[in-house]
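The values are calculated or read from the model by the stated rules, or taken from the named source; none is laboratory data. Model, not experiment: these values are computed from the prediction. So basically every Cβ, Gly included, is an ideal-geometry build from the backbone, and we count neighbours across all protein chains shown. Quick note on the areas: whole protein, heavy atoms, side chains included, nothing else; ligands and nucleic acids left out. Shrake-Rupley method; radii C 1.70, N 1.55, O 1.52, S 1.80 Å.
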Amino acid sequence: MPAGEILSLDAAVADRLFPFHVVLDRDLRVLRVASVIKRLLPALVPGQMLDRVFEPLRPVGPLTVESVSQLANTLLILRSRQPPPLVVKGQIAPLADGKLMLLVSPRVSDADEMRRLNLTAADFALHDPTSEMLVVLQAMRASLMDAELLAKRLRQTRDEALQASRAKSQFLANMSHELRTPLNAIIGFTEMMSSQIHGPLPERYVDYVNDVGVSGHHLLDLINDLLDLARIEADSFELKPSRFQISELIGECLRAVTPQTQKKELTVELLESDPALTVEADERAMKQIMLNLLSNAIKFSRPSGRIDVAVKRDDSSYLRISVADHGEGIDPSTIAWIFEPFRQGDHQVSVGSEGTGLGLHIAKRLAGLHGGTISMKSQIGAGTTVALLLPPVRVVGVEKSP
Amino acid sequence: MQGVIYKSIEDLVVAGWGAETWAEILKKAGVDDPAFVGMSRYPDELAGRIVGAASTVLKLPPEDIMRAFGRHWTTNTAPTYYGDLMAFAGNSFLEVVKNLDQMHARISLIFPNYKPPSFRVEELGPGKLRLHYSSQRAGLGPVVEGMMVGLGDRFGLDVQIKPERGRTDGLDHDEFTVTYAQRAS
């Protein structure tokens with residue numbers, strides 16, 4: 001080997017080490033072609049000009065003899081001019097005898113490419129990183145398949161869960177209806193007995209009958225709540241929107257809770273309200289929401305306390321109806337889940353509150369059906385403010401009372 | 001072990017015995033989350049528990065289950081998830097077997113935590129070879145047996161594989177004699 005040379009390879013060894021190499025003369029004419037690239041591109045035969053077989057993608061412009069000196073330090077990307085479509089990348093190296101060696105390997109951007117070209121591991125030199133690239137591409141594809149499969153399973157599971165939930169809600173709705181019918185009879189006859197319309201009851205039975213009545217009403221409230229919840233969850237709760245003045249509705253609700261406020265000697269103040277403000281909403285649902293907010297405020301007010309009710313439009317034109325008590329307040333961490341069904345704040349338990357644990361949840365769902373929401377702010381020892389927010393579309397303006 | 005191994009066992013059991021049987025096996029193996037993610041890693045001992053549970057539920061020796069898994073892996077799971085890599089490994093049974101070690105080694109270059117087995121092939125003559133199998137995990141010889149049979153299926157060959165010597169004989173690896181011939185149509 002002449003001094004200064006470090007590489008002199010037998011043709012078979014060169015073929016194994018560089019299975020995609022091409023030896024060229026100074027005019028870029030093919031002199032020798034390695035076995036694998038010869039198999040892929042039969043047009044690449046000795047005597048053929050390189051640029052008749054390949055179109056250069058990089059560097060841009062024709063492959064010329066003049067440019068060869070610069071090509072030694074340039075990444076070459078070549079595309080075959082004839083089928084099969086093959087893109088190779090690599091470089092040109094000058095050899096000691098004045099010839100040039102094109103050293104390339106196929107570009108792999110897609111795992112399918114190897115299959116299309118019928119290339120196997122045996123076609124690559126062991127030092128060639130193409131195989132690792134293929135492993136990465138295959139792992140990516142496998143991960144994608146996995147993700148798609150998991151997403152499909154999740155969708156199926158969610159659909160099944162939703163279907164089961166709807167079936168449960170439908171069953172609940174049916175059962176609640178069936179339960180309410182006999183219960184109404186029980187309550188009705190209990191009230192009749194309690195009024196002693198058909199003659200006096202023995203004294204000890206008067207208390208019993210009253211207990212039956214109270215329990216019956218509690219059960220009816222529970223069933224009504226369940227029925228509402230079931231309807232909402234089964235998407236069968238249909239809003240019946242009408243136009244009404246919100247102040248009138250609040251007035252009705254305040255009158256309805258007067259016995260409870262009087263019992264605890266509470267003061268209820270209507271702080272701000274435009275008496276002619278009209279909304280378009282389901283009146284019964286609005287009433288249900290307001291009664292729930294008021295009864296909660298009453299429950300958690302201290303005796304002789306105060307409840308503030310305010311109606312106003314906020315900066316975003318939302319209608320905000322707030323009910324604030326000045327009771328014990330709720331721990332802020334409780335607010336995160338207090339709207340969930342069958343949950344009640346710990347403080348409620350501590351003050352011996354009763355309830356189904358559904359009221360706030362239903363109120364929020366009803367607000368949601370109107371495009372609104374219910375928010376809660378509280379401070380331990382200072383009280384709780386619960387606000388119903390209705391979107392501007394629900395506020396139809398100011399109408400005079402008929 | 002990679003999650004795809006467990007998914008393959010799941011596919012095998014569900015295809016052969018149904019989803020309820022697979023659920024029963026997982027329950028018996030104490031697996032809480034039944035959804036395996038292909039590229040995630042799971043403890044090796046889990047495979048032992050699942051094979052043990054499958055053996056009890058299916059009333060089959062663990063070796064038979066491992067052989068069935070090995071064959072299922074090569075004929076179903078690998079072509080589905082790693083079809084291009086399988087094709088890249090070679091166009092004939094012998095070529096693929098001879099490239100097994102290189103392919104596993106390259107996978108370990110990309111995934112350094114992967115502990116791949118190693119294979120060495122001694123050609124004993126036409127249609128016959130000796131396979132040297134080394135693994136950090138003991139007792140998986142039957143899986144290799146199933147994989148060779150499955151590879152034969154891929155190329156339409158009948159493959160017979162016989163364990164010759166192994167760790168129980170004091171070697172640091174297992175040796176199998178493999179014979180393969182075109183399958184009579």
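Measuring with a 1.4 Å probe in the full set of protein chains, what accessible area per residue, in whole Å², belongs to chain B?
48 Å²
Give the ranking of A:His21, A:His218, B:His72, A:His198 by solvent-accessible surface, highest area first, calculated with a 1.4 Å probe.
A:His198, A:His218, B:His72, A:His21
Work out the FRET efficiency for B:Leu46 and A:Leu239 from their Cβ-Cβ distance, taking R0 = 60 Å, and round it to the nearest 0.05.
Once the sixth-power term is evaluated, E becomes 0.70.
Please name whichever of A:Val53, A:Ala96, A:Ser131 sits farthest to the positive end of the charge dipole of the stretch A:48-192, dipole taken about the Cα centre and charges placed at Cβ: Lys and Arg +1, Asp and Glu -1.
A:Val53
From the phi angles alone, apply the Karplus equation (6.51, -1.76, 1.60; θ = phi - 60°) to the stretch B:56-63 and give each ³J(HN,Hα) in whole Hz, x where the residue is Gly or Pro.
Working through the residues one at a time gives 5, 5, 8, 6, 10, x, x, 4 Hz.
Could you do me a favour and compute the accessible area per residue for chain A, 1.4 Å probe, result in Å²?
55 Å²
Please list 3J(HN,Hα) in residue order for the stretch A:287-300, calculated via the Karplus relation 6.51 cos²θ - 1.76 cosθ + 1.60 where θ = phi - 60°; whole Hz, with x for glycine and proline.
5, 4, 4, 4, 4, 5, 5, 5, 5, 5, 4, 5, 4, 9
With +1 on each Lys and Arg Cβ and -1 on each Asp and Glu Cβ, how big is the dipole of the stretch A:154-261 about its Cα centre, in debye rounded to the nearest 20?
Roughly 320 debye, rounded to the nearest 20.
Suppose every Lys and Arg Cβ carries +1 and every Asp and Glu Cβ carries -1, with no other charges. What dipole size does chain A come out with about its Cα centre, to the nearest 20 debye?
Computed about the Cα centre, the dipole is about 1240 debye.
Of A:Lys38/A:Lys99; A:Lys263/A:Lys364; B:Lys28/B:Lys59; B:Lys59/B:Lys115; A:Lys152/B:Lys59; A:Lys287/A:Lys312, which ones are farther than 22 Å apart at the Cα?
A:Lys263/A:Lys364; B:Lys59/B:Lys115; A:Lys152/B:Lys59
Given A:Thr267, A:Phe244, A:Ala387, which one lies farthest toward the positive end of the charge dipole of the stretch A:241-398, if we put +1 on the Cβ of every Lys and Arg and -1 on the Cβ of every Asp and Glu?
Checked the options; the winner is A:Phe244.
When only Cα pairs under 8 Å and 6 or more residues apart are kept, what is the percent relative contact order across chain A?
It comes to 10 percent, rounded to a whole number.
For the stretch B:39-100, what is Rg from Cα atoms divided by 2.2 N^0.38 Å, rounded to two decimals?
For the stretch B:39-100, the normalised Cα radius of gyration comes out at 1.38.
Rank B:Met148, B:Gln182, B:Phe36 by how far each Cα sits towards the positive end of the charge dipole of chain B (+1 on Lys, Arg Cβ; -1 on Asp, Glu Cβ) and give me just the farthest.
Highest projection toward the positive end goes to B:Gln182.
Can you tell me how much longer the chain between A:Thr373 and A:Leu179 gets when fully stretched, taken as 0.36 nm per residue apart minus their C-alpha distance, in nm with one decimal?
So the extension gain works out to 66.8 nm.
For A:Arg32 paired with A:Lys168, estimate the spin-label separation in nm (one decimal), with each label point 7 Å from Cα along the Cα-to-Cβ line.
Those two pseudo-labels are separated by 7.7 nm.
With everything on Cα atoms, drop me the angle between helix A:130-195 and the longest principal axis of chain A, reported from 0 to 90° to the nearest 10.
10 degrees
Specify the angular offset, from 0 to 90 degrees and rounded to the nearest 10, of the alpha carbon long axis of helix A:359-369 from the longest principal axis of the alpha carbons in chain A.
Helix A:359-369 and the main axis of chain A meet at about 60 degrees.
Nearest 100 Å² is fine: how much accessible area is buried between A and B, summed over both sides, with a 1.4 Å probe?
When A and B are taken together, about 2300 Å² of accessible area is lost.
As an exercise, use a Förster radius of 41 Å and the Cβ-Cβ distance of A:Thr74 and A:Leu144 to find the FRET efficiency, rounded to the nearest 0.05.
So the FRET efficiency works out to roughly 0.70.
Please report the spacing between the Cα centers of the stretch B:12-29 and the stretch A:13-38 in Å, no decimals.
56 Å
Is the stretch A:11-113 rounded, prolate or oblate when judged by the Cα gyration tensor, a ≥ b ≥ c being the square roots of its eigenvalues, rounded requiring a/c under 1.5 and prolate requiring a/b larger than b/c?
In terms of gyration-tensor shape, rounded.
With the Cα gyration tensor of the stretch B:64-143 giving a ≥ b ≥ c as the square roots of its eigenvalues, does the rule (a/c under 1.5 for rounded; else a/b larger than b/c for prolate; else oblate) give rounded, prolate or oblate?
rounded
Tilt of helix B:19-29 relative to the longest C-alpha principal axis of chain B, in degrees (0 to 90, nearest 10)?
80 degrees
If you count, for every residue in B:82-94, the Cβ atoms of partner chains within 10 Å of its Cβ, what is the mean?
6
What is the sum of charges, Lys and Arg at +1 and Asp and Glu at -1, for the other residues whose Cβ falls under 15 Å from the Cβ of A:Ala96?
Local net charge: -1.
For an R0 of 25 angstrom, estimate the FRET efficiency from the Cβ-Cβ distance between A:Ser109 and A:Arg52 and round to the nearest 0.05.
0.50
Percent of accessible area on the protein assembly as shown owned by carbon and sulfur, 1.4 Å probe?
Roughly 55 percent of what the probe reaches on the protein assembly as shown is carbon or sulfur.
List the residues, sorted by chain then number, that are 5 or more residues from A:Leu266 or on another chain and whose placed amide H is less than 5 Å from its amide H.
For A:Leu266, whose amide H was placed from the backbone, the distant partners under 5 Å are A:Ser304.
Based on the inverse mean of 1/r over its pairs of different Cα atoms, what is the Kirkwood hydrodynamic radius of chain A, in Å?
The answer is 29.2 Å.
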